[in-house]
Amino acid sequence: LGKAVELREGPLEVPPGVRLSTAPAFRLEEAAITAIYAAEPSCRSCSADLDMLARQLPKDVRILALPPGDDQDQALRQVLALYRRPWPLLLGRDLAARMRLPPRSLLLVARGGWTQAVLKAPFGPELASAIAALQRVDVPETVPRRSWNRRPVDRSPIPPPPGLLAEGL
């Protein structure tokens with residue numbers, strides 16, 4: 001996917017108390033792929049970004065909008081209503097900073113939160129490539145354990161084999 005897409009490992013860390021504007025709880029299991037758009041505080045480019053997302057994302061991708069901060073969702077709600085986008089807002093205390101989402105970025109979450117990709121606006125052909133990569137099923141996989149051991153994945157190179165002993169073995 002190149003440098004335009006930042007991949008994140010491990011499960012999506014959703015802080016406690018996160019909810020949708022249309023429901024009291026937020027669950028990743030409700031869609032195979034969830035797209036979370038982080039708006040900017042002034043929402044100057046929200047309309048262009050949201051229109052582009054509506055055109056480029058497949059219908060089976062759940063789209064959520066993330067206000068830039070606490071109690072700053074009014075401009076985003078107005079843009080969503082103006083463009084007749086029924087997308088719910090993801091609400092929570094200081095959520096954009098906790099999820100490490102800069103303004104005008106898109107977080108794609110797949111496989112129950114275990115696969116994440118972050119793209120920055122403007123969303124070009126990288127978005128279609130990222131969606132295609134997340135939708136691909138190369139190997140049938142089992143759902144990960146319910147509890148993660150919190151150890152990061154070790155991707156260091158394999159150490160070289162030990163040297164020969166004095167007797168040549």
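Below are the figures for this structure:
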{"quantity": "Interchain or long-range residues, amide H under 5 Å from ALA39's placed H", "calculated": "LEU66, ARG104"}
{"quantity": "The chain - charge dipole about Cα centre, Lys and Arg +1 at Cβ, Asp and Glu -1, debye rounded to 20", "calculated": "300 debye"}
{"quantity": "Integer Hz, Karplus 6.51/-1.76/1.60 couplings in order for region 31-36, x for Gly and Pro", "calculated": "8, 5, 10, 10, 10, 10"}
{"quantity": "Under Karplus coefficients 6.51, -1.76 and 1.60, residue-wise ³J(HN,Hα) of region 48-64 in Hz, glycine/proline x", "calculated": "5, 5, 5, 5, 5, 5, 5, 7, 8, 7, x, 5, 7, 8, 7, 10, 10"}
{"quantity": "Computed FRET value (nearest 0.05) for SER21 with ASP154, which takes r as the C-beta separation and R₀ as 45 Å", "calculated": "0.70"}
{"quantity": "Residues with amide H under 5 Å from that of ILE63, placed H, sequence gap 5 or more", "calculated": "ALA35"}
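Bear in mind these aren't lab numbers, they're just calculated from the coordinates by the rules spelled out. On a predicted model such as this, the values are computed, not experimentally measured, just so you know. All Cβ positions, even for glycine, are placed from backbone atoms using ideal geometry, and neighbour counts span all protein chains on display.
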